[in-house]
Every structure is written in C-alpha cells, then in structure tokens.
Amino acid sequence: MSRSDGHLKLARRLLTLHPKRPNQVELGRAVVTAYYALFHLLTEDVARLFVAESEELVARLARTVDHKAIKDVSGRIIGGDWPSAFKPIPGGFVATLQLVQVANAVIRLQGARHRADYDRTYSFTRVEATELIDVAEAAFTAWRAIRQTDAARLYLGCFLLWKTWNDKEPR
C-alpha cells in the first residue's frame, strides 16, 4: 500500500474511533489526513515525472512541492488557464472533467485542512468530515484514471514550473 493510500485509510479510521460521539481533534485530524493523502499522491507523481528509479530522489523531489503552488495551479487549471508556453498547441490542453475534479478536491480539501489546523472556532461534524474524505477518495479514483495523460502530467509539472513556463513566449 502506498503512503497516500495509507493516509486515506487512516482518515476513514479516525472517524470510527468514537462511533457515538467523535471529538473535534479526531474529526479535524481526519480532514487533515484526507488532504495529505491527496497531496502525497500528487507530489509523488510530480517527482516521478523526473525520477524513475531512486526512491530517495523521489522523496526529496516530492518535498519541494509547495502547498500554495498546488492550490494556485489547481485554480488556474479549473479556469482553463494553462501556462503561456502551452497555449498555442493546436487544440490546446483541456482540463477533463476528471482533472477538474482533482483540482477542485485539492482546493476544497486544502481549505478544510486550514480550518482544521488554524481556526479554533470551527467545528467539523462527522457528516462534513465524511464528505471531505469521500471527496479525497473520488479524487484518487479520478486521478488514477488520468494520471498518464498529457494534461495530467502538464498539471503536475505546473506545480514546479508554472512561472518558468508562463514567462516563455510561445514560438
């Protein structure tokens, strides 16, 4: 089982620790863990764009991906905004429904993670935490269906190279 799959299973298990009355720590950690499951799934795939064999290099490269970059790129891709270096490609890149689903999940789960970690006045319900874990699971399924496509790989590359690719004039 991959680390990201393990995070997703743990998120679900945290919801069951106190079946009758879950506490906010458990609900919050379940939400945070669901976000990190998706984050690790995507960052490992970013690293694998560059490194095929060395697990140490995959881990190091995956750690260079910034949470803000993933959120920003996800928002841009949802809006159909690809880096300028790729805009002249005939037909362009189109974010499929599955890619948009993944990007939306990143944004939604990252927002929920911030609430869980930083907003002490916010209380999650079991229903809300369950729904957020469902969002992560659906994003996993969608991502695994498209991860080898050019648009998905470009999305991953944008996490590290958006500025460079967007500063380039199309040729």
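Just so it is clear, none of the values below were taken in a lab; they were calculated from the coordinates. What you see is a predicted model, and the numbers here were worked out from it, not measured in a lab. Ideal geometry is used to build each Cβ from the backbone, glycine not excepted, and the neighbour counts take in all protein chains shown.
Each of P83, Y155, H7 was scored by the projection of its Cα onto the charge dipole of segment 3-167, and the greatest displacement toward the positive side belongs to H7; charges sit on the C-beta of Lys, Arg, Asp and Glu. Coupling constants for segment 103-112 follow from the phi torsions by the Karplus curve (6.51 cos²θ - 1.76 cosθ + 1.60, θ = phi - 60°), and in residue order they are 4, 4, 5, 4, 5, 5, 5, 5, x, 5 Hz; glycine and proline get x.
Report the trypsin sites (Lys or Arg not before Pro) located in segment 6-93 that are in a DSSP loop and have at most 13 other Cβ atoms inside 10 Å of their Cβ, or state none. All intermediate terms of the calculation are to be shown ahead of the outcome.
Numbers: sites: K9, R12, R13, K20, R29, R48, R60, R63, K68, K71, R76; in loops: K20, R63.
Listed in order of number, the matching sites are K20, R63.
Listed options for mean projected area of the Cα convex hull in nm² are (1) 10.8; (2) 8.8; (3) 10.2. The value calculated from this structure is the one marked (1). A Cβ-based charge dipole, computed about the Cα centre of the chain with Lys and Arg at +1 and Asp and Glu at -1, lands at about 340 debye. Look at the dipole of the chain built from charges on Cβ: of G111, P19, N166, the Cα furthest out on the positive end belongs to P19.
For the pair T141 and T125, the difference between a 0.36 nm per residue extended length and the Cα-Cα distance amounts to 3.3 nm.
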